[in-house]
Amino acid sequence: MIFRPVRIDTVVVSSQHAEDVSNKRIHEAIREDVIARALPKKLLDRKTRYFINPTGRFVIGGPMGDSGVTGRKIIVDTYGGMGRHGGGAFSGKDPSKVDRSAAYMGRYIAKNVVAAGLAERCEVQVSYAIGVADPVSVMVETFGTGRVSEQRIAEAVRKTFSLKPREIIEHLDLLRPIYQKTAAYGHFGRSEKEFTWERTDKKDALREAVGSRALRAVGA
């Protein structure tokens with residue numbers, strides 16, 4: 001089966017710039033010299049959303065803006081390379097950073113999708129734009145094991161789980177001194193009570209969000 005994109009829903013660009021360049025100029029330059037040249041015009045429409053430096057000015061970046069142990073053993077900490085990565089490590093970051101908290105939420109969602117019997121395998125992708133609380137994208141991949149469509153599961157995920165950073169932190173109770181144990185043996189697949197993202201307490205709510213009629217139709 002060949003999949004072809006039909007449209008671009010959201011474009012996110014965060015670009016560091018010189019101090020004397022205005023926000024308006026940055027927006028114009030990114031739209032004209034980057035987005036218009038890089039993306040096929042036929043995939044952009046009036047509903048396409050653009051987030052260009054959504055937090056405002058971006059003068060300080062690089063090592064001056066992102067210091068610390070932010071690149072420490074990300075593959076070993078997670079799925080050993082089996083799961084796809086956006087590149088953001090966990091170590092050295094507090095839960096307000098979605099590199100950490102949203103990765104935990106992705107694990108939590110995927111486990112509940114499988115526990116709900118909606119799929120045998122599940123990978124969840126969540127994308128954020130800096131300064132925008134709601135995720136700009138939520139995608140579900142079931143590798144051909146889904147009992148309903150991946151789009152329907154993704155819609156149920158949005159209905160069932162709160163995905164703003166503050167809500168993730170509150171739901172998974174991430175502002176506790178629980179991270180010392182993550183220094184060894186990884187962040188996922190653990191049974192200790194501190195690892196709240198391993199719970200499967202949302203499986204019934206997920207099934208309800210998908211709808212009993214849809215599940216009956218496929219004999220789930």
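The values are calculated or read from the model by the stated rules, or taken from the named source; none is laboratory data. These figures come from a predicted structure and were not determined experimentally. Note that each Cβ is placed from the backbone with ideal geometry, even for glycine, and that neighbours are counted across all protein chains shown. For accessibility, only protein heavy atoms count, side chains too; no ligands or nucleic acids. Shrake-Rupley method; radii C 1.70, N 1.55, O 1.52, S 1.80 Å.
Residues that are out of contact with any strand residue (DSSP E or B) (no Cβ under 8 Å at 6 or more places or on another chain), open to solvent by 50 Å² or more (accessible area, probe 1.4 Å) and over 30 Å from A209 (Cα atoms) are absent from segment 95-105. Anything in segment 22-60 that is assigned to a loop (DSSP other than H, G, I, E, B), surrounded by 14 or more Cβ atoms within 10 Å (Cβ to Cβ) and more than 22 Å from the chain's Cα centre (by Cα)? List them, or say none. L44, F58 - these are the residues of segment 22-60 that are assigned to a loop (DSSP other than H, G, I, E, B), surrounded by 14 or more Cβ atoms within 10 Å (Cβ to Cβ) and more than 22 Å from the chain's Cα centre (by Cα). Evaluating F90 against the criteria (1) open to solvent by 30 Å² or more (accessible area, probe 1.4 Å); (2) closer than 19 Å to E198 by Cβ; (3) in contact with a helix residue (DSSP H, G or I) (Cβ under 7 Å, 6 or more places away or on another chain) leaves one unmet condition, (1). Cβ separations smaller than 6 Å between residues 6+ apart or across chains give the following pairs from segment 124-153 residues that are without any contact (Cβ under 8 Å) to a residue 24 or more places away in the chain and open to solvent by 30 Å² or more (accessible area, probe 1.4 Å) to residues that are among the polar types (S, T, N, Q) and in a loop (DSSP other than H, G, I, E, B): E150/T142.
The number of residues in segment 61-95 that are of a type in the set (A, V, I, L, M, F, W, C), over 18 Å from the mean Cα position of the chain (by Cα) and modelled with pLDDT of 75 or more comes to 1.
Please find, within segment 154-190, the residue that is farthest from A129 (Cα to Cα) out of those that are of a type in the set (A, V, I, L, M, F, W, C) and open to solvent by 50 Å² or more (accessible area, probe 1.4 Å). That would be A183.
Within segment 2-21, the set of residues being part of a loop (DSSP other than H, G, I, E, B) and touching a Leu at 6+ places or on another chain (Cβ under 8 Å) comprises P5, V6, R7, I8.
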